[in-house]
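Notes to accompany the following structure.
The values are calculated or read from the model by the stated rules, or taken from the named source; none is laboratory data. Predicted model, so just to flag it, every value in this text is computed and none were measured. With ideal geometry, Cβ positions are generated from the backbone for all residues, glycine too; neighbour counts draw on all protein chains shown. In case anyone asks, the SASA skips ligands and DNA or RNA and just uses the protein heavy atoms, side chains included. Shrake-Rupley method; radii C 1.70, N 1.55, O 1.52, S 1.80 Å.
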Amino acid sequence: MKLTDLLAFDNIAIQCHNDPDADAIASGYGLLCYLQAQGKRARLVYGGANEIRKSNLVLMVDILKIPIEHVTGLDWEPELLLTVDCQYGEQNVEKFSYEAPAAVIDHHKVRKGDLPELKEIRDSYGACATVVWDMLEDAGFRVEENESLSTALYYGLFMDTNKMQELRHPKDRDLRDSLEFRGSRSILLQLQSRNLSMKELKIAGTALSGCNYFKEHKAAVAGVEPCDPNILGIISDMMIEVDDIDVAVAYCRQAGGVKFSVRSCGWEIQAQQLARYLADKIGNGGGHMRKAGGFLKNGLLGETQGDMGLHEFITSRLVSYFKEQDLIYLGSRDIPDLSGEPLYEKQRLPIGYVYARDLGYPANTELRVRMLEGDKIVTVRDDMVILIGVEAEVYTNDEAYFLSHNDLSDRPYEFHGEYAPTVREAVQAEIPDMAVGEVKSLEEAARVCVPKSSSCIRARQLVRRAKVLNEERQECMQGMPGDWLVAREENPKDIYIIKGHIFEKTYKKKV
């Protein structure tokens, strides 16, 4: 669905879920601004027993002058009822009696009932604010020219991703980078300082005093009574500052499932990898190296949890994360010998390439590469070539290796996928998720090359989790069962991991 599809209606009700949070309010406000700018009659409403009462949300609505209304029903007959950050059939959405067609814009999984024809649901996004922002950008509506709306959307993402620490999708990062300095900094500071009530302070204290510590793994887990998800980040932040705790997990029940927050302080244990493991097959998780989080869905969780209590289940998953894995340190004497494994050759599938120097970046520049699977920091070398693989994954080669293993062309590279990778100059990688400088499209600069059939590797499919650790670069590459541990035929000590679905597309056994 595109926002222009809504313009067929003149009188529109935009409905948030009951007890709307910052993300719902901001998303609804963005749609309201767009529709009113197009000359439509639109109102922003929410139902339920309670009016907005959290101090930060009251301030948000007041200081940004967001005309959101608490209603017990619709006292007019809209031509369209548009739910935002929610779907009818959920327990936290008041269902008003209406005859109008319905539409939905959301970032949650489809849970109940049939969806209307007019729908835009992107469940891989960290916030509904990102969905609305991207749709506004696609419609040519310049959000950055509206300070109030820029502030609201930025704050909606800020709150729904635990202070930008659990950004799931590259579009979430794009919103943050685009609006970070477009909104009012003074208003954001006020909003960010009102996130904790005295009641929530007591909740945090109780959770911290009752956390479980696993000495062998230097890990701690804290169960928290139901609260604002932002409180989980505060609790896990405090836990990770404790001596002898390298990994911290805080969780609590929310509508529809369990929200959790992860912190880590060592390069060998990356928070986003642990978050994805905790949520594997029962939800979603993501973030970055030191701060991450996720959500476990009730239905899937119940099927997997069995007779275990929630705390027992989460702690068992955490312990298995440490125990059920192989650690491979590059440069050590104990790296696996893959010389007896089958030989695979790279298929001649076109991929993209661009020299870093052609992008205007001198050697030793820190770059942040943004792609669908996340952000990656790379340091420019004089002879570095940036490649875009068959699944839009981005990696680098030295020029000599690249030229010896690929046939080059001057044909422009054409991207086909969900998110075209970009690159920009970044601050030091130690500062998570910060980026500066002009965004450059790799798609626009790249040309096509085709791997030579002589590019061969030895490969073994993983049957359990493995990590390839580069201590010199402080890099950690994780593989799951079904992925492949590989070594270049000409350099058996150069070991790395290729994701299973990428391996199947790009390699075939040599006969």
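So, in Å, what gap is there between the alpha-carbon centers of the range 51-88 and the range 116-166?
Centre-to-centre (Cα) distance: 16 Å.
With a/c under 1.5 counting as rounded, go ahead and sort the range 449-507 into rounded, prolate or oblate using the C-alpha gyration tensor (a ≥ b ≥ c being the square roots of the eigenvalues; past the cut-off, prolate if a/b is larger than b/c, else oblate). Show your work: numbers first, answer last.
Values: a/c = 1.88, a/b = 1.26, b/c = 1.50.
In terms of gyration-tensor shape, oblate.
Using the basic label-point model (7 angstrom from Cα toward the beta carbon), what is the GLU69 to ASP243 distance in nanometres?
Calculated label separation equals 6.0 nm.
At a threshold of 8 angstrom on Cα-Cα distance, excluding pairs fewer than six apart, so keeping six or more, what relative contact order does the range 41-185 reach in percent? It would help to have the intermediate numbers written out before the result.
Working: 201 pairs, mean separation 25.0, N = 145.
Dividing the mean separation by the residue count of the range 41-185 yields 17 percent.
From the phi angles alone, apply the Karplus equation (6.51, -1.76, 1.60; θ = phi - 60°) to the range 251-261 and give each ³J(HN,Hα) in whole Hz, x where the residue is Gly or Pro.
Result, rounded to whole Hz: 9, 7, 6, 10, 4, x, x, 10, 8, 9, 10.
Rounded to the nearest 10 Å², what accessible area does VAL463 show when all protein chains are kept and the probe is 1.4 Å?
Answer for VAL463: close to 130 Å² accessible.
Once phi is turned into θ = phi - 60°, what whole-Hz ³J(HN,Hα) does the Karplus curve with 6.51, -1.76 and 1.60 give for every residue of the range 5-14, x standing for Gly and Pro?
For the range 5-14, the Karplus-derived couplings read 5, 6, 6, 6, 10, 9, 10, 10, 9, 9 Hz, x marking Gly and Pro.
Quick one, what does Rg over Rh come out to for the range 128-178 if you take C-alpha atoms and the Kirkwood Rh?
Working: Rg = 10.1 Å, Rh = 10.8 Å.
Looking at the range 128-178, the ratio lands at 0.94.
Which net charge results when you count Lys and Arg as +1 and Asp and Glu as -1 among the other residues whose beta-carbon is under 14 Å from that of TYR29? Intermediate results must be reported in sequence, preceding the final value.
Working: positive: ARG43, LYS65; negative: ASP21, ASP23, ASP62, GLU69, ASP85, GLU147.
Net local charge, TYR29 excluded: -4.
For the chain, what does the accessible surface come to per residue with a 1.4 Å probe? Please give it in Å². Each step should come with its number before you reach the end.
Details: 23420 Å² over 511 residues.
In whole numbers, the chain has 46 Å² accessible per residue.
Checking a compactness column here: for the range 242-357, what do you get for Rg(Cα) / (2.2 N^0.38 Å), N being the number of residues? If you can, show how the numbers build up before the last one.
Working: Rg = 18.8 Å, N = 116, 2.2 N^0.38 = 13.4 Å.
Cα Rg divided by the expected 2.2 N^0.38 Å: 1.41.
Which value, in nm² and rounded to one decimal, describes the direction-averaged projected area of the C-alpha convex hull of the range 296-404?
Numbers: hull surface 47.9 nm².
So the mean shadow area of the Cα hull is 12.0 nm².
Tell me which residues come under 5 Å, amide H to amide H, from GLY89 once H is placed; ignore anything under 5 positions away on its chain.
Here the answer is none, since no amide H 5 or more places off falls under 5 Å of that of GLY89.
With respect to the cross-link table entries LYS2/LYS109; LYS54/LYS202; LYS291/LYS323; LYS376/LYS493; LYS95/LYS291, which display a Cα-Cα separation exceeding 25 Å? Each step should come with its number before you reach the end.
Values: LYS2/LYS109 19 Å; LYS54/LYS202 16 Å; LYS291/LYS323 22 Å; LYS376/LYS493 23 Å; LYS95/LYS291 37 Å.
The pairs that break the limit, which is 25 Å between Cα atoms, are LYS95/LYS291.
Rg to Rh ratio, the range 191-295, alpha-carbon atoms and Kirkwood radius?
Working: Rg = 13.0 Å, Rh = 13.7 Å.
Using Cα coordinates only, the ratio equals 0.95.
Considering only protein heavy atoms, what is the solvent-accessible area of ARG276 at a probe of 1.4 Å, reported in Å² to the nearest 10?
Roughly 110 Å² of ARG276 is accessible to a 1.4 Å probe.
Largest first, what is the accessible-area ranking of ARG488, ARG253 with a 1.4 Å probe? Intermediate results must be reported in sequence, preceding the final value.
Details: ARG488 55, ARG253 110 Å².
The most accessible residue leads, giving ARG253, ARG488.
Aspartates and glutamates near LYS510 by alpha-carbon distance under 13 Å, same-chain residues fewer than 8 away left out - which ones?
GLU341, GLU345, GLU489
Label the range 362-416 by shape, choosing from rounded, prolate and oblate, from the square roots a ≥ b ≥ c of the eigenvalues of the Cα gyration tensor; if a/c is under 1.5 it is rounded, and otherwise prolate applies when a/b is larger than b/c, oblate when it is not.
Oblate, since a/c reaches 1.5 and b/c is not below a/b.
For THR4, what accessible area in Å² do you get when you roll a 1.4 Å probe over the heavy atoms of the protein chains, rounding to the nearest 10?
80 Å²
Kindly write out, for the range 208-220 in residue order, the coupling ³J(HN,Hα) from the Karplus curve 6.51 cos²θ - 1.76 cosθ + 1.60 (θ = phi - 60°), rounded to whole Hz, with x marking Gly and Pro.
Whole-Hz 3J(HN,Hα) from phi for the range 208-220: 5, 6, x, 5, 9, 10, 10, 4, 4, 10, 6, 10, 9.
Which length gain, in nm to one decimal place, applies between VAL439 and SER148 when the Cα-Cα distance is subtracted from 0.36 nm times their residue separation?
Working: separation 291, 0.36 × 291 = 104.76 nm, distance 2.44 nm.
Extra length available between VAL439 and SER148 comes to 102.3 nm.
Where both partners of a DSSP beta bridge lie in the chain, what percent of those bridges are antiparallel, to the nearest 5? Don't skip to the end; give the middle numbers.
Working: 73 of 105 bridges.
Antiparallel: roughly 70 percent of the beta bridges in the chain.
Given TYR154, GLN165, GLY140, which one lies farthest toward the positive end of the charge dipole of the range 133-177, if we put +1 on the Cβ of every Lys and Arg and -1 on the Cβ of every Asp and Glu?
GLN165
Rg and Dmax of the chain, using alpha carbons, in Å: what are they?
Just the Cα atoms of the chain yield Rg and Dmax of 24.4, 75 Å.
Please tell me the relative contact order of the chain in percent, rounded to the nearest whole number, where contacts are Cα pairs under 8 Å and at least six residues apart. Don't skip to the end; give the middle numbers.
Working: 1072 pairs, mean separation 49.6, N = 511.
Rounded, it is 10 percent for the chain.
With a 1.4 Å probe and all protein chains kept in place, how do ILE25, ILE187 rank by accessible area, largest first?
Working: ILE25 0, ILE187 25 Å².
These residues rank, largest area first, as ILE187, ILE25.
How much length, in nm to one decimal, is gained on full extension between ASP407 and LEU189, taken as 0.36 nm per residue of separation minus their Cα-Cα distance? Don't skip to the answer; put the middle values down first.
Details: separation 218, 0.36 × 218 = 78.48 nm, distance 5.28 nm.
Working it through step by step, the gained length comes to 73.2 nm.
My understanding is that a pair violates if its Cα-Cα distance is over 19 Å; which of LYS259/LYS297; LYS452/LYS509; LYS163/LYS215; LYS452/LYS508; LYS467/LYS499 do that in this structure?
Numbers: LYS259/LYS297 9 Å; LYS452/LYS509 15 Å; LYS163/LYS215 29 Å; LYS452/LYS508 13 Å; LYS467/LYS499 12 Å.
Table pairs above 19 Å Cα-Cα are LYS163/LYS215.
Name the residues whose placed amide hydrogens come within less than 5 Å of the amide hydrogen of LYS510, ignoring near sequence neighbours (fewer than 5 apart) on the same chain.
Amide H neighbours of LYS510, under 5 Å, 5+ apart: LEU343, TYR344, GLU345.
Can you give the helix-only mean residue ellipticity at 222 nm for the chain, where every DSSP H stretch with n ≥ 4 adds -39500 (n - 2.57) and the sum goes over all residues, rounded to the nearest 500 deg cm²/dmol? All intermediate terms of the calculation are to be shown ahead of the outcome.
Details: 14 runs with 140 residues, N = 511.
Helices in the chain give a 222 nm mean residue ellipticity of -8000 deg cm²/dmol.
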